[in-house]
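What follows is a short report on a single structure.
The values are calculated or read from the model by the stated rules, or taken from the named source; none is laboratory data. Not measured: the values here are computed from a predicted model. Positions of Cβ are generated from backbone atoms using ideal geometry, with glycine treated the same way; all protein chains shown enter the neighbour counts. Please note that ligands, DNA and RNA were not included when accessible areas were found on the heavy atoms of the full protein model with its side chains. Shrake-Rupley method; radii C 1.70, N 1.55, O 1.52, S 1.80 Å.
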Amino acid sequence: MKISVLDDYHDTLRTLDCFRKLSGHEVEVWNDHVQDVDALAGRLRETEALVLIRERTAIRTPLLERLPRLRICFSHGGGAFPGTFGRIAHGHEVRPDLCAVANKNSTRSYLGKFYVDSLVHDADALRLLLKLLGPGRIALGSDYPFPLGEIEPGKLIETLPDLSVEVKRQLLAGTALEFLGLRGSPA
């Protein structure tokens with residue numbers, strides 16, 4: 001699998017022990033930032049999995065349409081997106097003159113097309129992600145090597161009594177394995 005990582009301007013990914021787990025894949029880490037859609041599409045032409053570790057690169061319809069095989073994962077539970085999804089969808093629907101100028105697709109049609117990590121530090125925020133995206137689109141997040149992750153990665157997931165064993169297994173390992181093409185879901 002060809003994996004691209006954008007905006008790793010500190011070049012930290014290659015220094016992590018877990019980076020070795022990708023040894024069977026072709027991984028390209030980009031340390032600079034590119035805004036031009038044509039240049040970005042050229043860089044990512046063969047990419048199957050895109051990892052965004054900084055919220056600097058805009059992923060818009062013109063880019064997605066050029067990269068149909070692409071898998072995208074956003075860190076930190078997708079940032080502000082889950083909490084503002086209703087407003088985004090509403091704007092697209094009631095003000096297409098402002099919000100749907102270059103894109104006529106329903107906002108909901110994109111929900112199954114990307115992944116997020118679980119690092120949200122809040123049970124209700126994780127439940128919102130599960131409701132919005134489902135467990136098959138949420139992978140365990142650690143924030144490694146930075147000090148803001150969970151003391152024990154996955155502890156929040158493991159301690160939620162309302163999650164089934166299958167959902168916990170999917171969040172803790174299954175989604176990441178599927179995203180990376182390492183094996184099918186354990187759930």
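Stretched out straight at 0.36 nm per residue, the stretch from H121 to V94 would grow longer than its current Cα-Cα span by 6.4 nm. Using Cβ point charges alone (K and R +1, D and E -1), the dipole size of the stretch 1-68 about the Cα centre works out to roughly 140 debye. Amide H contacts under 5 Å for F74: Y115, V116, D117, restricted to partners 5 or more places along the chain or on a different chain, H placed in the peptide plane at 1.01 Å from N. For the stretch 34-187, rounded, prolate or oblate, judged on the Cα gyration tensor with a ≥ b ≥ c (square roots of eigenvalues), a/c < 1.5 rounded, else prolate if a/b > b/c? Prolate, because a/c is 1.5 or more and a/b exceeds b/c. Taking the protein heavy atoms of the chain in the context of the full set of protein chains, the accessible area attributed to carbon and sulfur is 54 percent at 1.4 Å.
Within the stretch 115-142, what residues put their amide N at less than 20 Å from the label point 7 Å along the Cα-to-Cβ vector of S164? From the stretch 115-142, the list is 126-140. Using 0.36 nm per residue and subtracting the Cα-Cα separation, the extra length available between Y110 and N31 on full extension is 25.7 nm. Phi angles across the stretch 157-168 convert, under the Karplus curve 6.51 cos²θ - 1.76 cosθ + 1.60 with θ = phi - 60°, into 3J(HN,Hα) values of 4, 5, 8, 7, x, 7, 9, 6, 4, 5, 5, 4 Hz, Gly and Pro given as x. Separation of the stretch 124-145 from the stretch 15-47 is 23 Å, based on Cα centroids.
With protein chains left intact and a 1.4 Å probe, residues in the stretch 29-178 average 57 Å² of accessible area per residue.
Each residue of the stretch 64-70 was assigned a 3J(HN,Hα) from its phi angle through the Karplus expression (A = 6.51, B = -1.76, C = 1.60, θ = phi - 60°), giving 4, 5, 7, 10, x, 8, 5 Hz with x at Gly and Pro. Database remark: amide H of G141 closer than 5 angstrom to the amide H of S118, L119 (H placed geometrically; neighbours at sequence offset of 5 or more, or on other chains; Pro and chain starts carry no H). Going through the stretch 1-81, which GluC sites (Glu not before Pro) have at most 13 other Cβ atoms within 10 Å and a DSSP loop state? Those that pass, being in a loop and sparsely packed, are E46.
Among the lysines of the chain, pairs at least eight places apart or on separate chains and with Cα atoms under 20 Å apart come to 7.
Think of the stretch 55-108 as a dipole: +1 on every Lys or Arg Cβ, -1 on every Asp or Glu Cβ, centred on the Cα centre; then among P68, G79, G91, P68 lies furthest on the positive end.
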